[in-house]
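Input: a single structure, listed below in structure tokens.
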């Protein structure tokens with residue numbers, strides 16, 4: 001019933017140079033919306049979107065997910081249906097900015113020790129030692145690893161801005177062990193066993209959570225905690241926040257400033273005025 005509209009949505013995504021993953025997500029979100037409303041798409045209004053999002057909120061969906069629906073449906077309205085979008089009727093929801101989860105060095109060691117699969121161990125080690133996202137790691141190719149410069153070329157970035165990040169010697173040793181044991185891949189560095197393409201992000205995250213549980217880490221964590229830990233530990237060790245921003249690929253410095261709040265203040269040498277020799281009483 002809605003196939004032609006979804007095809008037009010895919011075409012619009014391609015002409016806007018959206019990533020294939022983004023196009024597929026947009027199609028899924030819009031498909032859910034269209035099935036929920038069960039109306040002729042040409043008759044849809046912004047009030048229909050408002051009603052849909054409020055219903056989803058009542059079902060317990062978080063603001064981040066609801067804003068993804070918002071983005072997909074707005075793109076569909078503007079580029080396929082050519083309906084004027086009303087940000088007052090359908091505003092983006094205010095997000096809760098929680099501090100990122102940071103693992104200790106000991107927890108990182110326990111996590112890696114709990115991983116028996118050399119492929120996943122190498123991937124998790126890259127996430128921590130180089131500060132890479134899981135989506136960036138699964139898209140690595142053999143030629144992205146430079147032994148000469150001890151760097152990793154990161155191509156499939158969130159903001160589509162290529163960057164270089166550091167390559168740890170310990171991680172290089174682990175990668176070398178993996179490479180020899182797992183068929184010496186020359187193209188995709190971490191190919192899927194079937195059909196030989198890129199690994200699925202969800203399956204990698206699922207394996208990470210399983211490994212964290214085996215390591216006795218009872219907090220709610222995802223693979224992104226490795227990236228957060230990389231940045232926080234660098235900052236605690238005295239690395240300038242601007243260099244950390246560059247290694248993480250943050251365009252907005254405010255994205256990196258969050259690590260000012262999660263780092264161990266005692267390691268930074270910050271002392272409470274209450275502990276001054278004069279005392280804290282007036």
Have a look at 162, 143, 116 and point out the one that is free of Cβ contacts under 8 Å to residues at least 12 places away in the same chain, in the same structural domain as residue 235 (by TED's automatic domain parsing) and under 15 Å from residue 208 (Cβ atoms). 116
With the condition kept exactly as written, say whether any residue in segment 209-220 is in a loop (DSSP other than H, G, I, E, B) and either free of Cβ contacts under 8 Å to residues at least 40 places away in the same chain or outside the structural domain of residue 250 (by TED's automatic domain parsing) (or both). yes
Within segment 55-111, track down each residue that is out of contact with any helix residue (DSSP H, G or I) (no Cβ under 7 Å at 6 or more places or on another chain) and over 30 Å from residue 221 (Cβ atoms). 55, 74, 77, 78, 82, 84, 87, 88, 91
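May I ask you to verify whether residue 132 is in contact with a strand residue (DSSP E or B) (Cβ under 8 Å, 6 or more places away or on another chain) and either part of a loop (DSSP other than H, G, I, E, B) or not assigned by TED's automatic domain parsing to the domain that holds residue 193 (or both)? Show your work before the answer.
Details: in contact with a strand residue (DSSP E or B) (Cβ under 8 Å, 6 or more places away or on another chain): yes; either part of a loop (DSSP other than H, G, I, E, B) or not assigned by TED's automatic domain parsing to the domain that holds residue 193 (or both): yes.
So residue 132 fits the description; yes.
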Anything in segment 229-243 that is over 19 Å from residue 97 (Cβ atoms) and surrounded by fewer than 19 Cβ atoms within 10 Å (Cβ to Cβ)? List them, or say none. 236, 237, 238, 239, 240, 242, 243
Those residues of segment 169-178 that are over 12 Å from residue 147 (Cβ atoms) and crowded, with 16+ Cβ neighbours inside 10 Å come to a total of 2
Selection from segment 196-208 of residues that are part of a helix (DSSP H, G or I), closer than 18 Å to residue 21 by Cα and in contact (Cβ under 8 Å) with a residue 60 or more places away in the chain: 201, 204, 205
Quick check on my filter: what residues within segment 111-129 are part of a helix (DSSP H, G or I) and farther than 18 Å from residue 199 by Cα? 111, 112, 113, 128, 129
For segment 52-59, check the following and say yes or no: at least one residue is closer than 25 Å to residue 12 by Cα and more than 16 Å from the chain's Cα centre (by Cα). yes
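The values are calculated or read from the model by the stated rules, or taken from the named source; none is laboratory data. Bear in mind that the values here come from a model prediction, so they are computed numbers and not experimental data. Neighbour counts run over all protein chains shown; Cβ positions are idealised from the backbone, glycine included.
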